[in-house]
1. Give the calculated FRET efficiency between ALA52 and MET30 to the nearest 0.05, with a Förster radius of 22 Å applied to their Cβ-Cβ distance.
2. Using the Karplus curve 6.51 cos²θ - 1.76 cosθ + 1.60 with θ = phi - 60°, work out ³J(HN,Hα) for each residue of segment 32-42 in order, rounded to whole Hz, and write x for Gly and Pro.
3. What nm value, rounded to one decimal, do you get for the distance between MET20 and ALA75 when each label is placed 7 Å out toward the C-beta?
4. Can you give the FRET efficiency to the nearest 0.05 for MET12 and ASN42, using r as the Cβ-Cβ distance and R₀ = 35 Å?
Amino acid sequence: MLLFESLSAGAMAVLVGFAMVMAVVGVYVMVVWPLTFWDLANSGMEKYGAWANTVVWSVFTGGSLAGYWCFSGAAFKAKSSGKRTNATVRPGRSPRT
């Protein structure tokens with residue numbers, strides 16, 4: 001179950017990234033393109049196409065590891081930084097008052 005939840009967190013990370021890219025593309029299509037007629041045909045983005053697969057798998061792996069960290073409880077284990085000190089009591093006063 002922990003593995004399934006971790007992989008689901010990785011898939012959600014990819015979906016959130018995809019939604020952000022779609023939002024940017026949507027704003028571009030609704031605002032920039034109608035005003036400038038600039039369709040990005042000559043922008044040279046083809047040379048970055050090989051990196052797309054690597055980026056998607058990296059986001060999935062990072063999301064899965066973050067999901068494992070959260071769902072396993074490791075994120076919520078508090079490490080004590082030494083001995084706790086009690087609140088100081090002012091001289092002349094009883095701590096029960």
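A short reminder: the numbers here are calculations on the coordinates, not readings from a lab. Source: prediction; values computed, not measured. Note: ideal-geometry Cβ built from the backbone for every residue, glycine included; neighbour counts use all protein chains shown.
1. Details: r = 24 Å, r/R0 = 1.08.
The calculated FRET efficiency here is 0.40.
2. Per residue, the Karplus-derived 3J(HN,Hα) values read 6, 5, x, 7, 10, 6, 8, 9, 6, 5, 10 Hz.
3. Between MET20 and ALA75, the label points sit 1.6 nm apart.
4. Working: r = 35 Å, r/R0 = 1.01.
Here the calculated transfer efficiency is 0.50.
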